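The values are calculated or read from the model by the stated rules, or taken from the named source; none is laboratory data. Please read these numbers as outputs of a predicted model, since none were measured by experiment. Quick reminder, even Gly has a Cβ in these numbers, built from the backbone with ideal geometry, and neighbours come from all protein chains shown. These accessible areas exclude ligands, DNA and RNA; they are computed on the full protein's heavy atoms, side chains included. Shrake-Rupley method; radii C 1.70, N 1.55, O 1.52, S 1.80 Å.
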Amino acid sequence: MRWTSAARTNLAANLDQAAAADEAAAASGRAVAADPTATPTARQQAATASGFLADQARYLRADAAAVRDGADPVELGYPTP
């Protein structure tokens, strides 16, 4: 079974939505990392996590753009629905 046009559109929208959530979480983590009242451990953990989340958001946005541009979702690692 192949990805339908509607399924591709839905996948791209879902990837964008997940990216937005990761971007918001990364921003929150950056705020904690910059908070002078947070413990050094909390600041370091928040900085590390926010970096990972920001990277993941970029990858999700790139996949969404690729799907919208006609890339095969299976080749990007998304199983056929």
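Tell me, what is the per residue accessible area of the chain in Å², probe radius 1.4 Å?
64 Å²
Using a simple charge model, +1 on the beta-carbon of Lys and Arg, -1 on the beta-carbon of Asp and Glu, nothing else, what dipole does the chain show about its Cα centre, in debye to the nearest 20?
60 debye
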*asked:* Accessible area of the range 33-81 with a 1.4 Å probe: how many percent of it is carbon plus sulfur?
replied: 58 percent
*Please work out how much length the chain gains when fully extended from Q17 to T4, using 0.36 nm per residue of separation minus the C-alpha to C-alpha distance, in nm with one decimal.*
2.7 nm
*Find the Rg to Rh ratio for the chain, where Rh is the Kirkwood radius over alpha-carbon pairs and Rg uses the same atoms.*
1.18
*asked:* With θ taken as phi - 60° and the coefficients 6.51, -1.76 and 1.60, list the Karplus ³J(HN,Hα) couplings across the range 14-20 in order, rounded to whole Hz; mark glycine and proline as x.
replied: 5, 5, 4, 5, 5, 5, 5
*For the range 55-66, Karplus couplings with θ = phi - 60° (6.51, -1.76, 1.60), whole Hz, Gly/Pro x*: 4, 4, 4, 4, 5, 5, 4, 5, 5, 4, 5, 5
*Under the Karplus curve 6.51 cos²θ - 1.76 cosθ + 1.60, θ = phi - 60°, whole-Hz ³J(HN,Hα) for the range 71-76, x wherever Gly or Pro sits*: 5, 6, x, 4, 5, 8
